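One structure is given here, and the rest of the page talks about it.
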Amino acid sequence: MSYDLPWSNASNAPFRLYKHWVHEGGISTPFIISWPDKIKEPGISHSPAQLMDITATCIDLAGATYPSEFDGNEIAPLEGESFARLLSGKKWQREQPIIWEHEGNRAVRSGEWKLVSKFPGQWELYNMTEDRTELHNLVDGDAARVASLARVYGDWAETSNVLPWPIGGDPRIPASTTPNAHKIE
């Protein structure tokens with residue numbers, strides 16, 4: 001960090017935290033596309049997308065097919081979703097949840113709901129339509145939604161071979177992404 005924690009937080013205002021964390025201050029980034037031959041009318045979309053959606057969009061626009069194997073080795077399926085519709089001025093919204101982990105920090109975003117955990121903390125639940133700044137944790141009032149989203153995260157973490165954090169295991173710190181990480185703590 002070149003300007004210390006207080007300025008890191010201030011630079012992402014009004015969102016919580018900063019790069020490294022999976023709260024909005026760490027992950028919310030504008031994405032600007034310029035393609036004069038394709039994009040006829042400028043516009044703004046607030047639909048959340050993830051880096052993997054760029055790959056899916058490029059493959060879609062190229063009319064290509066994502067391979068299932070290379071040189072006799074099976075390739076993991078593409079998780080991204082094409083947002084090519086946006087480039088034609090149409091509405092687009094991800095169908096599948098966005099799920100990610102970074103150094104034990106974990107999150108799942110499905111529609112307007114986001115389940116997030118700052119390592120080594122507990123799950124937090126936010127309605128991103130009503131509370132994009134993640135100030136009102138709803139985890140205590142919606143146990144069924146928390147359990148459902150935590151299961152989605154746990155299944156993804158297991159399928160994606162997410163390693164327990166910290167890697168190498170520090171016995172003083174509970175692992176955050178073990179196969180049982182989807183259980184309510």
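We did not get these values from a lab; they are worked out from the coordinates using the rules stated. Since the structure is predicted, the reported quantities are computational estimates derived from the model, not experimental observations. Don't worry about glycine lacking a Cβ; one is built from the backbone with ideal geometry, like all the others, and counts go over all protein chains shown.
Relative contact order, percent, of the range 1-151 when contacts are C-alpha pairs under 8 Å separated by at least 6 residues? Before the final figure, lay out each step's value.
Working: 200 pairs, mean separation 27.5, N = 151.
The normalised contact order for the range 1-151 reaches 18 percent.
Using modelled backbone amide H atoms (1.01 Å from N, in-plane), which distant-in-sequence or interchain residues come within less than 5 Å of TRP113's amide H?
Amide H neighbours of TRP113, under 5 Å, 5+ apart: MET128.
Place +1 on the Cβ of every Lys and Arg and -1 on the Cβ of every Asp and Glu in the range 32-124, take the dipole about the Cα centre, and give the residue among GLY111, SER45, THR55 whose Cα lies farthest towards its positive end.
Value: SER45.
Run the quick spin-label model on TYR66 and GLU79: label points 7 Å from Cα toward the beta carbon, then report their separation in nm to one decimal.
1.0 nm
Would you give the gap between the C-alpha center of the range 33-82 and the C-alpha center of the range 99-146, rounded to a whole Å?
Comparing the Cα centres of the range 33-82 and the range 99-146, I get a distance of 26 Å.
Looking only at Cα atoms, what is the convex hull volume of the range 33-161 per residue, in Å³?
On the way: hull volume 18.2 nm³, N = 129.
For the range 33-161, the hull spanned by Cα atoms encloses 141 Å³ per residue.
Given axes a ≥ b ≥ c from the Cα gyration tensor, I'd like to know whether the range 19-97 is rounded (a/c under 1.5), prolate (a/b larger than b/c) or oblate. Mind dumping the intermediate values first?
Values: a/c = 2.32, a/b = 1.22, b/c = 1.90.
It is oblate, given that a/c is not under 1.5 and a/b is not larger than b/c.
Nothing charged except the Cβ atoms of Lys and Arg (+1) and of Asp and Glu (-1): what's the magnitude of the dipole of the range 1-136 about its Cα centre? Round to the nearest 20 debye.
Details: 13 positive and 19 negative charges, 98 e Å.
Result for the range 1-136 is approximately 460 debye, rounded to the nearest 20.
What lysines could a cross-link reach from LYS38, if we take a straight Cα to Cα line under 20 Å and drop same-chain neighbours fewer than 8 places away?
In chain and number order, the partners are LYS90, LYS91.
Which of rounded, prolate, oblate describes the range 53-98, given a ≥ b ≥ c as roots of the alpha-carbon gyration tensor eigenvalues and a/c under 1.5 marking rounded, otherwise prolate only if a/b is larger than b/c?
Numbers: a/c = 4.52, a/b = 1.85, b/c = 2.44.
Verdict is oblate for the range 53-98.
List the aspartates and glutamates whose Cα lies under 12 Å from the Cα of LYS118, skipping any in the same chain that are fewer than 8 positions away.
GLU24, GLU101, GLU103
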